[in-house]
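See structure below.
Read-outs throughout are calculated quantities, based only on the coordinates presented, and are distinct from any laboratory measurement. The structure displayed is predicted, hence computed values, not measured ones. Note: ideal-geometry Cβ built from the backbone for every residue, glycine included; neighbour counts use all protein chains shown.
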Amino acid sequence: MIRLSHHLTDPLIRSNPVTLQILGICSALAVTTALATALTMAAALIFVLCASAAIISAIRRHIPHAIRLILQITIIATLVIVTDEVLRAYAFEISQRLSIFVGLIVTNCIVLGRAEGFAMHHPVGPSILDALGNALGYGLVLVIVATIRELFGTGRLLGIPMLPLAEQGGWFEPLRLMQLAPSAFFIIGLMIWAIRTARPEQVERPEHRLLSRQGEARP
Amino acid sequence: MAEARGPWARFLARPNEDPVKALGMAGLVALGAALTVSTAATLLKPRQAANLEAARAARMEAMIEALPGLREVMEETGVTELQSRLVDLETGRMLPGGVMAVDAEQAARDPGTGIELPPEADIAGIGRRERVAAIHLLERDGALALVVLPMRGAGYQSTIHALLALEADLDTVAALTVTEQGETPGLGAQIERADWQALWPGRRIADDSGTIRIEVVRGAATTPYEVDGISGATRTGNGVTAMLRFWMGPWGYGPFLDRLAGEGAG
């Protein structure tokens with residue numbers, strides 16, 4: 001079990017899908033204006049990722065190589081549609097606020113990435129742990145970003161007032177920028193910076209280097 | 001050996017490069033996916049419909065709340081909700097009988113209850129229109145106080161559904177509420193915001209000669225027939241304009257409103 005547990009804990013920070021692999025950014029921008037939507041989105045992703053990893057891993061020996069992506073996407077899309085239907089039935093208001101972003105889990109790179117990169121080659125147990133770890137890593141980033149954005153953008157958390165607003169006689173002036181998409185970029189950028197400062201091995205090597213001009217022949 | 005095994009085991013034992021296996025797996029996965037999705041959709045449908053109905057009722061309630069003085073009128077006269085009536089759109093006559101909960105779009109699609117619109121009349125881009133529409137009336141001391149007309153039209157990427165409330169002169173907008181839309185989040189979808197819908201009360205549909213002039217303009221409104229557009233959502237605004245012009249015109253509620261105005265005068 002100890003040998004397996006790194007599948008679960010690694011993706012939380014060390015190889016977090018959002019901050020290291022920069023995957024799933026689009027939905028991380030869109031659903032993090034409030035903590036409630038971020039939590040719902042994280043729960044939806046945890047379910048889709050774990051279930052798709054389990055199914056794909058279970059039938060991995062019988063997936064023909066040529067059509068594997070089609071089969072993976074079909075399975076993922078099915079799970080996403082079911083999730084969306086359940087949300088619309090049992091969490092109607094939140095599903096209205098998440099609008100298309102639940103449906104867009106199909107195209108979330110993390111899901112297909114873990115299916116293709118891990119579940120296709122590993123047994124069911126480790127695949128589920130890996131999926132859970134990655135989904136939690138994504139959820140963790142979502143929750144951190146959403147907490148910052150909702151708290152400083154509106155002075156509330158989960159809709160409950162936390163900071164006394166200036167317009168009601170308090171001292172806190174909501175930062176409108178926090179409710180706009182760019183602020184999610186800033187926060188994720190700062191998180192990536194912080195993690196890579198603490199763990200310099202994550203820093204990517206520059207793709208292009210200026211060549212030295214020494215020895216350049218000129219007629 | 002192979003003969004001892006069932007067809008299922010033989011299928012699974014085929015190499016993955018085998019076309020039969022590829023087709024078979026694709027079929028099996030597709031079948032499983034189709035069954036799962038249709039089961040979920042069928043089982044959850046009643047709950048979702050109830051949610052949508054509740055949301056629609058809440059929007060109606062919000063519109064009643066938003067109309068100046070309407071709540072008081074309703075309390076005074078003891079009316080707890082708007083009166084719903086069926087209207088034959090072609091003749092403009094109100095039909096006797098109660099209103100069933102029929103989806104207007106579904107009614108429009110059915111050849112028995114809907115008609116195909118000629119392309120030149122179909123400015124709202126809806127293709128077909130129901131023959132009979134459910135409208136809502138509010139009367140005060142026996143006189144008409146408010147008419148609420150449901151309408152829909154093509155926006156930029158979705159069908160916009162709205163309720164238009166007209167005052168007793170059948171020309172002044174009392175409120176416009178967008179009840180359903182799927183426009184671009186952050187741009188066109190702002191038509192659902194209360195602050196945009198608050199621009200509508202007091203606008204006029206037609207000028208004194210009867211020409212329909214209501215319009216969502218780009219930028220700021222300058223006349224009583226204009227409403228500020230949303231920047232970045234010109235085509236959604238155009239969709240709302242076309243929707244209002246269609247439904248207020250001869251192919252929409254025109255005959256009904258004419259008849260209502262005639263009755264009021266006579």
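Observations on the structure shown:
- Contour excess over end-to-end distance, with Cα ends at B:Ala26 and B:Asp228 and 0.36 nm allotted per residue: 67.5 nm
- Its Cα centre serving as origin, the protein assembly as shown has a Cβ charge dipole (Lys and Arg +1, Asp and Glu -1) of approximately 2680 debye.
- Only Cα pairs under 8 Å and 6+ residues apart enter the sum, and on that basis the relative contact order of chain A stands at 30 percent.
- Ellipticity estimate at 222 nm from DSSP helix runs (n ≥ 4, -39,500 (n - 2.57)) divided over the protein assembly as shown, nearest 500: -15000 deg cm²/dmol
- Taking GluC sites (Glu not before Pro) in DSSP loop states with no more than 12 other Cβ atoms inside 10 Å as exposed sites, chain B has its longest site-free stretch at B:121-266.
- For the protein assembly as shown, the gyration tensor built on C-alpha atoms gives a prolate shape. Its axis ratio a/c (a ≥ b ≥ c) is at least 1.5, and a/b is the larger of a/b and b/c.
- Contact order for chain B, expressed relative to its length and based on alpha carbon pairs under 8 Å spaced 6+ residues apart, stands at 14 percent.
- A Förster radius of 56 Å, combined with the Cβ-Cβ distance separating A:Leu69 from B:Ser84, puts the computed FRET efficiency at roughly 0.60.
- Segment A:59-115: relative contact order in percent, alpha carbon pairs under 8 Å with at least 6 residues between: 38
- Between A:Leu12 and B:Glu180, the FRET efficiency estimated from the beta carbon spacing at R0 = 45 angstrom works out to 0.65.
- Segment A:1-62 versus segment B:172-227: alpha-carbon centroid distance in Å: 43
- Label-zone membership for segment A:55-95, site B:Leu12, 7 angstrom Cα→C-beta point, backbone N under 14 Å: A:58-63
- Cleavage-rule hits, trypsin sites (Lys or Arg not before Pro), segment B:214-266, DSSP coil, Cβ neighbours within 10 Å at most 16: B:Arg218
- Shape category assigned to segment B:81-265 from the gyration tensor of Cα positions, a/c cut at 1.5: oblate
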